[in-house]
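K.L.:
Let me give you the structure first, and then I'll get to my questions.
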Amino acid sequence: MKTKLEYQPDITETNKLICERYWLRESDKRSGFIYTCREIGQEFDVKHQDIPSIVKINAHLVVLDCQCIDCGTTKICYTRSQLIRLDLIRWRCDNCWEALQKRRDQEFLEYRLKQDLLAEERRQTALEHINQCRSIQLSIIPSFTELSDVDKLLLAATVESIGADNLRNTVSLRDNLSLPLSPFSKLDEEILHHLFKRNLLILTPENSYEYVTINEEKELEIDFYQAIFEFAYSIENLTEILINAKSKKNTSALVADSQFKSWCEKVQLGECLSYLMTRSRLNDLAPPIGDKLISILRACLAKCSVSTMHYIIWKAVENAAAYLQKPGITRKHASNSISGNIERVFGKIYSGSWSHNSSYRDFSHPQSAMAKIFFDYVFVVDDGGFHYTIDELFSPYRSQRALEQVSYAALGNARSTNYSVTIALDIKQS
Ligand SMILES: [Zn+2]
């Protein structure tokens with residue numbers, strides 16, 4: 001390394017010697033310093049701590065083979081550590097370093113500006129699409145009078161659970177911390193999707209554009225968990241829907257409506273899935289939720305109540321957790337065993353070889369708005385969806401209807417029989 005020591009013009013002889021000793025290196029190697037500061041201090045009767053500052057004031061080392069990569073200025077060192085740390089190949093002087101920082105800051109600023117502009121463009125495109133969709137929705141809102149009874153109940157549950165205080169729009173499912181809409185988050189989203197498709201929930205552009213994306217087919221994809229919607233009807237209409245949902249109604253007609261039954265089944269299935277996931281999570285298990293498991297749960301629910309199912313699920317998960325303790329059994333094995341356990345426990349209870357106490361609602365699985373409106377108010381029972389099967393709830397209303405049909409038919413038959421008898425008698429008499 002080529003260096004040159006330069007002194008201040010007014011330097012004293014002693015200080016010159018101190019500076020020389022300080023910078024003296026073995027064959028000009030970068031860190032080959034011959035004297036320590038302590039040695040120099042002893043030689044000149046100066047505190048060793050003062051040596052670096054004396055050197056710094058009186059001299060500097062010009063590093064002849066190190067130039068600023070931007071402006072070519074030669075590097076000057078005032079202390080040993082500066083020389084040791086020096087990056088000979090990529091050294092940049094302070095001025096050039098500052099200029100570079102400024103350039104980088106500017107570039108970053110421009111980048112941010114460009115990103116903001118792009119985001120704004122995306123926002124505008126999304127808003128445009130949402131507004132188009134919104135105006136289509138607004139033009140085809142079904143008239144209040146032709147709304148089906150089931151859709152009214154769904155709307156009532158939605159208003160009850162996620163209706164905002166002003167009763168004009170919803171809060172998002174994400175922000176709802178009070179009464180859950182349904183027992184299961186996927187079912188919550190399904191309900192909103194259904195009402196959205198029926199144009200009973202309308203997109204609000206300003207609140208929801210972040211949760212709406214436009215896919216490659218230029219269709220809107222809505223994040224129903226986070227989006228906020230406007231209700232299609234007036235506060236008066238919604239109030240009427242709510243009051244009607246909670247008062248006496250034509251239960252036989254609802255029981256005969258396959259749509260109604262389907263939502264009731266979904267609520268009960270949701271209760272089971274939600275409980276299964278909680279119990280599994282607590283035991284660090286994750287059963288695959290697929291068509292197989294769902295068809296098993298549906299089959300069980302046809303025969304026993306959600307209350308019994310909670311016991312069955314609890315037992316099935318406990319068994320899986322015990323199975324996990326066996327050698328060679330992985331979490332996946334144990335998780336996969338849960339659906340088989342459910343079938344087995346169900347079989348034992350259903351055949352009567354196992355008895356169980358009725359279980360009550362777990363506090364972490366409170367009754368949902370859907371469960372209240374689709375079961376309690378319709379069948380006038382307390383938490384009916386939890387304690388009874390669909391058949392137990394539906395059959396009194398089915399048989400009543402069936403009985404009515406039978407008696408009408410019987411009456412018709414009897415009449416015609418009588419009539420023909422009369423005619424026959426008449427004929428005989430004549
Ligand atoms: Zn420079």
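Just so you know, all these numbers are worked out from the coordinates, no wet-lab data involved. A quick note: this is a predicted structure, and the numbers were derived from the prediction, not measured. Heads up, the Cβs are rebuilt from the backbone with ideal geometry, glycines too, and the neighbour counts pull from every protein chain shown.
K.L.:
With a point put 7 Å past each Cα toward its Cβ, work out how far Glu343 is from Leu109 in nm, to one decimal.
P.N.:
Each label point is offset 7 Å from its Cα along the Cβ direction, giving 6.9 nm.
K.L.:
I would also like to ask the following. Checking the cross-link filter: which lysines have an alpha carbon closer than 29 Å to that of Lys218, excluding same-chain neighbours under 8 positions apart?
P.N.:
Cross-link targets: Lys114, Lys186, Lys197.
K.L.:
While we're here: Please give the helix 306-324 orientation as an angle from the longest Cα principal axis of the chain, in degrees from 0 to 90, rounded to the nearest 10.
P.N.:
For 306-324 against the chain, the angle is about 40 degrees.
K.L.:
How much length is gained on full extension from Tyr323 to Lys246, taking 0.36 nm per residue of separation minus their Cα-Cα distance?
P.N.:
Stretched fully, the Tyr323-Lys246 segment lengthens by 23.1 nm.
K.L.:
Over the stretch 97-247, what is the mean sequence separation of C-alpha contacts under 8 Å (at least six apart), divided by residue count, expressed as relative contact order in percent?
P.N.:
Computed value for the stretch 97-247: 29 percent relative contact order.
K.L.:
For Asp116 and Gln67 in the same chain, what is the full-extension length gain: residue separation times 0.36 nm, less their Cα-Cα distance, in nm?
P.N.:
13.6 nm
K.L.:
Place the peptides 227-240, 205-218, 299-312 in order of packing, highest mean first, counting for every residue the other Cβ atoms within 10 Å and averaging per peptide.
P.N.:
Descending mean neighbour count gives 299-312, 227-240, 205-218.
K.L.:
From the mean inverse distance of alpha carbon pairs (Kirkwood) and the Cα radius of gyration, derive Rg over Rh for the chain.
P.N.:
With Rg and the Kirkwood Rh in hand, the quotient comes to 1.38.
K.L.:
Between Asp382 and Ser81, with labels modelled 7 Å along Cα→Cβ, what's the label distance in nm to one decimal, could you check?
P.N.:
7.7 nm
K.L.:
Past the 31 Å Cα-Cα mark, which pairs from Lys292/Lys372; Lys292/Lys326; Lys2/Lys56; Lys248/Lys348; Lys266/Lys315?
P.N.:
Lys248/Lys348
K.L.:
If r is the Cβ-Cβ distance from Ser135 to Asn215 and R0 is 22 Å, what FRET efficiency results, to the nearest 0.05?
P.N.:
0.60
K.L.:
I would also like to ask the following. Over the chain, with a Gaussian network built from C-alpha contacts below 10 Å, which listed residue (Leu179, Leu88, Leu282) shows the highest mean-square fluctuation?
P.N.:
Comparing Leu179, Leu88, Leu282 in the GNM, the peak value goes to Leu88.
K.L.:
Can you give me the distance in nm between label points at Glu20 and Asn166, each placed 7 Å from the Cα along the Cα-to-Cβ direction?
P.N.:
Modelled inter-label distance: 8.7 nm.
K.L.:
Once the Cβ-Cβ distance between Asp10 and Arg90 is put in as r, and R0 is 30 Å, what FRET efficiency do you end up with, to the nearest 0.05?
P.N.:
0.25
K.L.:
Turning to a different aspect of this structure: Between Asp391 and Glu236, what FRET efficiency comes out of the Förster formula 1/(1 + (r/R0)^6) with R0 = 25 Å and r the beta carbon distance, rounded to 0.05?
P.N.:
Calculated transfer efficiency: 0.10.
K.L.:
Need the C-alpha centroid separation for the stretch 121-136 versus the stretch 245-316, integer Å.
P.N.:
Taking the Cα centre of each part, the stretch 121-136 and the stretch 245-316 sit 38 Å apart.
K.L.:
Further question on the same structure: Which residue, Thr330, Thr145, Thr73, has the most motion in a Gaussian network model of the chain that connects Cα atoms within less than 10 Å?
P.N.:
Sorting by GNM fluctuation, first place goes to Thr73.
K.L.:
Helix-derived [θ] at 222 nm for the chain: sum -39500 (n - 2.57) over DSSP H runs of at least 4, divide by residue count, nearest 500?
P.N.:
-19000 deg cm²/dmol
K.L.:
Give me the Kirkwood hydrodynamic radius of the stretch 97-247 in Å, from all C-alpha pairs, to one decimal place?
P.N.:
Over the stretch 97-247, the inverse of the mean reciprocal pair distance is 17.4 Å.
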